[in-house]
Amino acid sequence: MNNELLTYTLRIADNSLILGQRMSEWCSKGPTLEEDIALSNISLDLFGQANGFYSYASQLDGNKSPDDLAFLRNEREFFNQQIVELENIDFGNTIVRNFLYDSYNFLFYSSLKNSKDDTLSALASKSLKEVKYHLRHSKNWLIRLGDGTEFSKEKVQKSLESIWQYTHDMFSMDEIDNKMYRLNIGVNNSNLKVEWDRIINETLIEAKLVRPKDGYNAKGGKNGMHTEHLGFLLAEMQFLQRAYPNAKW
Amino acid sequence: MSENRTVWEVFIQSKNGLAHKHVGNVHAEDKIMALENARELYTRRNEGSCIWVVKSKDIISSESEDGEAFFDPSNDKMYRHPTFYTMPEGSKYI
């Protein structure tokens, strides 16, 4: 049970860390000064959330520190969903990815808040406030870009088509998920789908975008199967600790 | 993007009941974005309980050459200042 809870906690932590690292890539490259700060703030929120979940995972593990968990694991040992490791590509693409994920993440934490596990529940309540804001940010931008110019609309519609395949895995349930859910510790991901669909459909209508058809279903992130993008992200993020073991600020 | 960007003045209320104070400005395309940008730039360190944003061009300012006519006449009107009262102990924000 402890092992499964550890994996479950790492999945949540890894989602936050990897998306946080992606968002940090926007620092100094944002389209405007204000947006640069907004994206960097979101990144810092996510790092903070990751830190909370890694601290708990470290306790459960009893051996590895939160830093070890973040900086000394390889690709196959990361359990984040593939959607968060996708490259930013451009601002519109980042907004589309974040909107699809933020909508899920908001529902996920709303549900995890009721976890029987006190630590997970407290971390979820704290994260939820931040994620509400992330969703507001990505949603408002998606509406502006979709209902903006012909050019911006075409770009975000394309991003939507290419990222859509990575959304299905958010709602999948494997053995660990099922067990955590049965123990009232974890979330029933498939139950989040109805509400997620509602948020997505309403927003896409307002943004004058077309919901892509379900097709190929990219999956496996939570079991350590990743896209080619994660390795590059980890190489950059982990470089310092790998090259100079135990280096401290 | 940049051609539609307007400048908005930002006012933050630090605590319920206090006046909103001018803290600076932000660029934004619309009022929702102005509010969000103000939140990002000016309330990162827990400064506020409420934000106002106002388009800079909607603010009417007095001109510096009107300064004499506007402000000098109050110089010698001591009785307009509540300096003849003693402050009750414990009263704040007066």
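The values are calculated or read from the model by the stated rules, or taken from the named source; none is laboratory data. Bear in mind the structure is a predicted one, so any value in this text is a computation, not a measurement. Because the Cβ atoms are built from the backbone with ideal geometry, glycine has one as well, and the counts that use them run over all protein chains shown.
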Among the residues of the stretch A:31-47, the number that are without any contact (Cβ under 8 Å) to a residue 12 or more places away in the chain and more than 9 Å from chain B (Cβ to nearest Cβ) is 1
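Residues checked against (1) surrounded by fewer than 24 Cβ atoms within 10 Å (Cβ to Cβ); (2) among the aromatic types (F, W, Y); (3) under 21 Å from A:R242 (Cα atoms):
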position	(1), (2), (3)
A:L5	yes, no, no
A:L10	no, no, yes
A:A13	no, no, yes
A:E34	yes, no, no
A:F53	no, yes, no
A:N74	yes, no, yes
Kindly indicate whether any position in the stretch A:27-41 is within 11 Å of the chain's Cα centre (by Cα) and part of a helix (DSSP H, G or I).
no
Among A:G186, A:G231, the single one that is in a helix (DSSP H, G or I), among the small types (G, A, S) and modelled with pLDDT of 95 or more is A:G231
Taking the stretch A:20-30 and keeping residues within 14 Å of chain B (Cβ to nearest Cβ) and either farther than 23 Å from A:N80 by Cβ or of a type in the set (D, E) (or both) leaves A:G30
Looking across the stretch B:5-46 at residues that are more than 10 Å from chain A (Cβ to nearest Cβ) and more than 17 Å from the chain's Cα centre (by Cα), the single one that is nearest to A:L44 (Cα to Cα) is B:R45
Note on the stretch A:216-243: residues among the aliphatic types (A, V, I, L, M) and under 19 Å from A:R22 (Cβ atoms) are A:A218, A:M225, A:L230, A:L233, A:L234, A:A235, A:M237, A:L240
